[in-house]
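Everything on this sheet refers to the single structure shown next.
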Amino acid sequence: MLRTLAFVHGVLFSPRTPPSVRMSSTGVDKKGVLADKVALITGSTQGIGFAIAQRLARDGAHVVVSSRKQENVDQAVALLKEEGLIAKGMVCHAGKAEDRDKLVTMVADQYGGVDFLICAAGVNPLVGSTLGASEQVWDKILDVNVKSPALLLAKLLPYMEKRGSSSVVLVSSVTGYVPVPKLGPYNISKTALLGLTKTLAVELAPKGIRVNCLVPGLIKTDFSHILHEDEAFKKDFKNLYGMQRTGQPEDCAGIVSFLCSPDASYITGENIIVAGFSPKL
Ligand SMILES: NC(=O)c1ccc[n+]([C@@H]2O[C@H](COP(=O)([O-])OP(=O)(O)OC[C@H]3O[C@@H](n4cnc5c(N)ncnc54)[C@H](OP(=O)(O)O)[C@@H]3O)[C@@H](O)[C@H]2O)c1
């Protein structure tokens, strides 16, 4: 019996045993769980999108990062390459049809297809009431936050459905469940994404494409600096959501890698909260 146990232990823990694919997330490993997969991430030159791109690349994927500004794209690609990761980048304002088309053409030409689409681009041009929002503000928020993931995915569909195990991850917010006062139309756009996830998951299941949604709480990024630097707001946030600490972009990345991986092959249509502790959602 002891010999059997020693044998099993030896097989499992011998240095010759190939490392677990999950261990690859700590460094470049071509045999990572996402090896040879192609991932396109919008809004990914900093913050949550960048952390996701970095994690997917560390797990073996070829990543394509994008955002509105060329210098940010160049910097993000350089950072990823410095780490030995496989990355390309292209300017894409998520709300502009011509930019989305160029991005789709680039990934089709370069890779022939896409396995994962992560839609992290999001905007909030207004701190104020819902009824005080101008039509311009409504259009901008809905164009970038809600319409662009659907319109980009529509263009990418022919390149995703032939890959066999494609995965889409949208990025909502806890404010989609429990609205933060003064973030009116933004809150509403993030609630819409929860519904978009469900609808797309149902529509795309027959094509073998899974659609899930990352729902971050308060994460320390430039986007949220007004909030996470405001102690009174943080106190309210803690009371409202039960938040234990401000999150870091990296807190959001592992779950996205998991949702893209074969371990999540039976998971679709889920909105998954990464917010510390959120008993009220
Ligand atoms: N931080 C939080 O607490 C929090 C909480 C819940 C949800 N979220 C959501 O998480 C997502 C990412 O936010 P973040 O906090 O990581 O923001 P961030 O650190 O400010 O990063 C935003 C990224 O998106 C790019 N970007 C901005 N507008 C874009 C557009 N119209 N088209 C394409 N790219 C654009 C920016 O680069 P360029 O300037 O070069 O375009 C940058 O790379 C957003 O959808 C946000 O709503 C954030």
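For first residues located in the range 34-62 and more than 6 Å from the ligand (Cβ to nearest atom), partners that are of a type in the set (K, R) and lie 6+ apart or on another chain with Cβ distances below 6 Å form the pairs A61/K37.
So which of K220, K207, K238 ends up being open to solvent by 30 Å² or more (accessible area, probe 1.4 Å), of a type in the set (D, E, K, R) and under 17 Å from the mean Cα position of the chain (by Cα)? Of the residues listed, the single one that is open to solvent by 30 Å² or more (accessible area, probe 1.4 Å), of a type in the set (D, E, K, R) and under 17 Å from the mean Cα position of the chain (by Cα) is K220. Tell me, which residue of the range 217-271 that is in contact with a helix residue (DSSP H, G or I) (Cβ under 7 Å, 6 or more places away or on another chain) and polar (S, T, N, Q) is farthest from the ligand (Cβ to nearest atom)? Ranking the qualifying residues of the range 217-271, first place goes to T268.
Quick grid of which residues meet (1) touching an Asp or Glu at 6+ places or on another chain (Cβ under 9 Å); (2) closer than 14 Å to L214 by Cα; (3) open to solvent by less than 50 Å² (accessible area, probe 1.4 Å):
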site	(1), (2), (3)
D139	no, no, no
P149	no, yes, yes
L153	no, no, yes
L156	no, no, yes
G164	yes, no, no
V168	no, yes, yes
G176	no, yes, yes
K190	no, yes, yes
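Residue under question is V211, and the condition is that it be within 22 Å of L142 (Cα to Cα) and at pLDDT 95 or above; does it hold? When the stated conditions are applied, V211 passes them.
Of all residues in the range 170-178, at least one satisfies being more than 20 Å from the chain's Cα centre (by Cα) and either more than 10 Å from the ligand (Cβ to nearest atom) or basic (K, R) (or both).
Of all residues in the range 105-130, exactly one satisfies the criterion of being over 20 Å from N72 (Cβ atoms), open to solvent by less than 30 Å² (accessible area, probe 1.4 Å) and part of a helix (DSSP H, G or I), namely A108.
Of these, V127, V137, V114, which one is more than 13 Å from the ligand (Cβ to nearest atom) and within 24 Å of K207 (Cβ to Cβ)? The match here is V114. Taking helices (runs of 4 or more DSSP H) as the structural unit, those lying wholly within the range 160-253 and holding at least 3 residues that are charged (D, E, K, R) correspond to 184-204, 231-241. Specify the residue that is farthest from the ligand (Cβ to nearest atom); the eligible residues are those in the range 80-99 that are within 15 Å of L156 (Cα to Cα) and open to solvent by less than 60 Å² (accessible area, probe 1.4 Å). Result: A97.
The values are calculated or read from the model by the stated rules, or taken from the named source; none is laboratory data. Note that the coordinates shown come from a computational prediction; the quantities given were computed from them, not determined experimentally. For neighbour counting, all protein chains shown are included, and Cβ atoms are generated from backbone atoms with ideal geometry for every residue, glycine included. For the accessible areas, the whole protein counts, side chains as well, though only heavy atoms, and no ligand, DNA or RNA atoms are used. Shrake-Rupley method; radii C 1.70, N 1.55, O 1.52, S 1.80 Å.
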